[in-house]
Amino acid sequence: MDTGHWILEENVNIEQKSFGFIYCIENNINKKKYLGKKQLNFKLRRKPLKGKKRVRIDFKESDWKSYTGSSNDLNSDIIKYGIENFTFKILKICNSKWELSYYECKFQIDFNVLLRDDYYNGTIQLRIGRPPKGLKIVDN
């Protein structure tokens, strides 16, 4: 599978049912990092067909293969130093939106991204409730 500039960590595989991934982007010059999440696909709601009432839902692949993070500081450094001086790693694959949000927060807190100067992260944004019923979480 073509993963663009992303490198998969050991024991990480992107499957058909995968929803998104947790990633780490590292600046190889100053060793600064950024932790975040990215969805692989997104929903498109289309008008019903003529004479029908049900909204059509399609899925479209996101720009994840060329994605460089949502941090303005990180993106300005990518322009400054060049994309070849950065390492893009996929740390964990998630199979639901809830799981993606949960693990992004967990990784960011575990790595103390707000308390350390060697991370680009400036905020942790999270709004999450209990996991949906029947969701199987495998913590590894």
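None of the figures in this text is laboratory data; all of them are computed from the coordinates on show. Small disclaimer: the values here were computed from a predicted structure and weren't measured. With ideal geometry, Cβ positions are generated from the backbone for all residues, glycine too; neighbour counts draw on all protein chains shown.
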Of all residues making up the range 88-129, the number that are surrounded by 14 or more Cβ atoms within 10 Å (Cβ to Cβ), more than 13 Å from the chain's Cα centre (by Cα) and under 13 Å from Ile25 (Cα atoms): 4
Given (1) touching a residue at least 60 places away in the same chain (Cβ under 8 Å); (2) more than 11 Å from the chain's Cα centre (by Cα); (3) at negative phi, number of the condition Asn72 does not satisfy: (1)
Tally, over the range 20-69, of residues that are part of a strand (DSSP E or B) and free of Cβ contacts under 8 Å to residues at least 24 places away in the same chain: 12
Residues located in the range 20-38, provided they are touching a helix residue (DSSP H, G or I) at 6+ places or on another chain (Cβ under 7 Å) and crowded, with 17+ Cβ neighbours inside 10 Å: Gly20, Ile22, Ile25, Asn27, Tyr34, Leu35, Gly36, Lys37
Failed item, numbered, when Asn13 is tested on (1) part of a strand (DSSP E or B); (2) surrounded by fewer than 10 Cβ atoms within 10 Å (Cβ to Cβ): (1)
Tally, over the range 68-90, of residues that are closer than 17 Å to Glu104 by Cβ and not aromatic (Phe, Trp, Tyr): 7
Residue within the range 41-62 that is in contact with a strand residue (DSSP E or B) (Cβ under 8 Å, 6 or more places away or on another chain), hydrophobic (A, V, I, L, M, F, W, C) and surrounded by 14 or more Cβ atoms within 10 Å (Cβ to Cβ) present: no
